[in-house]
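The values are calculated or read from the model by the stated rules, or taken from the named source; none is laboratory data. Model, not experiment: these values are computed from the prediction. In this analysis, Cβ positions are derived from the backbone assuming ideal geometry, glycine residues included, and neighbour counts consider all displayed protein chains. Note: areas computed on protein heavy atoms with side chains; ligands, DNA, RNA excluded. Shrake-Rupley method; radii C 1.70, N 1.55, O 1.52, S 1.80 Å.
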Amino acid sequence: MKFVINKNDIRNILGKVQGITGRRTNLAITETVLIQAKEQTIKIVATDLETGFEGEYPATVESEGTIAINAKKLFEIVRDFPSDSIDINEVENRWIEIGKENIEYHIVGMNPEDFPDIPQVDDAPLFEMDTQSLKRMIEKTIIIGGAPDDKRAHINGIYFENLDDDDSKTLKMVSTDGSRLSTVDYPYKNGVCPIEKGVLIPKKGLGEVLKFLGPEKTVAIGLKDSHFVLKKENESFTIRLLEGEYPNYKDIIVRGIGHDVPVDRQLFLMVLKRMSILSSENYRGVIFNFEKNLLTVRATNPEIGESREDMVIKFAGDPIEAAFNPKYFIDSLGVIEDETAVINIVSSDKPCLVEGEKDKSYLSIIMPMKI
């Protein structure tokens with residue numbers, strides 16, 4: 001096998017798949033990328049046995065073939081290569097020459113026949129959706145990360161469901177870590193989404209997909225067997241679904257009670273960032289005191305000290321004192337796009353709702369801490 005590639009065509013791609021190839025599995029070959037040269041293209045394949053990626057890119061192919069080469073080393077070579085054009089040539093005993101003119105590398109590859117199969121999804125029924133909308137959905141739910149030591153599927157996965165009734169059609173993503181929950185909606189009118197019931201997609205897999213969502217107008221999504229599928233013009237992802245039931249999240253979304261408190265999103269965000277300076281592993285919480293037209297935020301850490309900041313708000317109810325992890329509010333306020341955020345506070349022991357004043361497609365539910 002021998003081909004010539006422009007480093008600008010694959011440098012960024014090789015960088016983005018490092019999250020897949022760098023993940024430890026019980027197979028050493030998953031640390032490689034599979035490169036198939038055929039006609040005037042190369043196909044790059046990467047997998048961690050859970051998330052699979054395939055992409056096709058232009059190349060000048062002198063002889064066809066397939067190699068499996070260490071993804072990290074190939075990326076570092078391509079990234080720092082002094083010329084745009086790179087010759088890649090498989091010689092004998094799986095040795096691979098990479099070079100041009102006065103620079104040359106000899107890298108030992110692995111047997112490409114040992115590379116795990118990627119699910120074939122060419123015939124998967126797909127639904128076309130706006131790329132930026134999907135990107136925002138993932139960004140707003142993946143801020144609630146998974147827990148490697150937690151084996152519960154609903155903690156390590158994002159629940160993805162299609163709500164299709166006579167009046168409206170909506171794709172919804174839901175994410176939780178047990179202490180907070182976020183939901184994001186994508187209303188649509190045209191097309192038939194093949195996702196008929198809710199599925200659990202690993203957060204780490206969607207995190208890899210997020211790296212590849214760029215300026216293209218639309219992407220296609222769907223399901224094939226036990227995999228979530230995403231396809232672009234020349235790239236595709238397959239993510240093996242998690243098994244398990246998702247909790248009935250709708251029970252904790254209670255609207256119409258408590259107090260809706262509008263706040264300047266950026267101002268409140270900076271207040272919480274300043275108050276969280278004194279946070280530590282043992283002292284994460286801050287105290288919110290809601291009084292007439294005033295919110296006082298206090299942080300106390302016996303190991304460091306204490307702080308307090310007042311913020312003028314519109315609040316006319318009885319005083320409420322509640323403790324929260326400020327990071328949860330900071331994460332939520334960071335993805336709300338409205339200038340004004342609305343906090344719905346009920347009491348010291350009820351969940352707090354956070355959303356935009358106008359855009360109601362995103363909702364964050366944050367559980368209080370014990371004072």
Out-of-range pairs (alpha-carbon distance over 26 Å; input K16/K38; K7/K211; K2/K231; K73/K224): K2/K231; K73/K224
Straight-distance crosslink candidates among aspartates and glutamates, where the alpha carbon sits under 12 Å from K360 and sequence neighbours closer than 8 are dropped: D185, E337, D338
Accessible area of K100 in the full protein assembly, 1.4 Å probe (Å², nearest 10): 60 Å²
Per residue accessible area in Å² of the chain, where ligands, DNA and RNA are left out and the probe is 1.4 Å: 50 Å²
Accessible area in the full protein assembly, largest first, 1.4 Å probe, for E31, E62, E309: E62, E31, E309
Accessible-area value, R255, 1.4 Å probe, nucleic acids and ligands omitted, Å²: 130 Å²
For the stretch 273-371, average projected area of the Cα convex hull in nm²: 6.3 nm²
Neighbourhood charge, 15 Å Cβ-Cβ cut-off, centred on D117 and excluding it, Lys, Arg +1 and Asp, Glu -1: -4
Whole-Å distance, taken between Cα centres, linking the stretch 173-248 and the stretch 332-371: 24 Å
Neighbour net charge for H259 - beta-carbon separation under 10 angstrom, K R +1, D E -1: -1
Three semi-axes of the equivalent ellipsoid, the chain, Cα gyration tensor, whole Å, largest first: 47, 24, 18
Degrees separating the helix 7-16 axis from the principal Cα axis of the chain, which is the longest one: 50 degrees
Sulfur and carbon atoms: percent of accessible area, the chain [1.4 Å]: 46 percent
Ordering of 314-324, 151-161 by packing [mean C-beta count within 10 Å, highest first]: 151-161, 314-324
Furthest towards positive pole of dipole, S226, I313, N70, structure part the chain, Cβ charges: I313
Inter-probe distance in nm under a simple model that places probes 7 Å from Cα toward Cβ, at R255 and D165: 1.2 nm
Residue-averaged 222 nm ellipticity for the chain, from DSSP H runs of 4+ at -39500 (n - 2.57), nearest 500: -5500 deg cm²/dmol
Under the Karplus curve 6.51 cos²θ - 1.76 cosθ + 1.60, θ = phi - 60°, whole-Hz ³J(HN,Hα) for the stretch 349-365, x wherever Gly or Pro sits: 10, 10, x, 9, 9, 10, 7, x, 5, 10, 7, 9, 6, 10, 9, 10, 10
With DNA, RNA and ligands ignored, accessible area of Y105 (1.4 Å probe; Å², nearest 10): 90 Å²
Solvent-accessible ranking of L267, L353, largest area first, probe 1.4 Å: L267, L353
Cα-Cα over 31 Å, subset of K203/K250; K100/K217; K217/K327; K169/K292: K100/K217; K217/K327; K169/K292
Accessible heavy-atom area order of R11, R240, R308, highest first, probe of 1.4 Å: R308, R240, R11
Helix axis angle, 326-335 relative to the chain longest principal axis, alpha carbon, degrees: 60 degrees
Cα-only radius of gyration and Dmax that characterise the stretch 104-247, units Å: 16.6, 63
Difference of contour (0.36 nm per residue) and Cα-Cα distance, N293 to T25: 91.0 nm
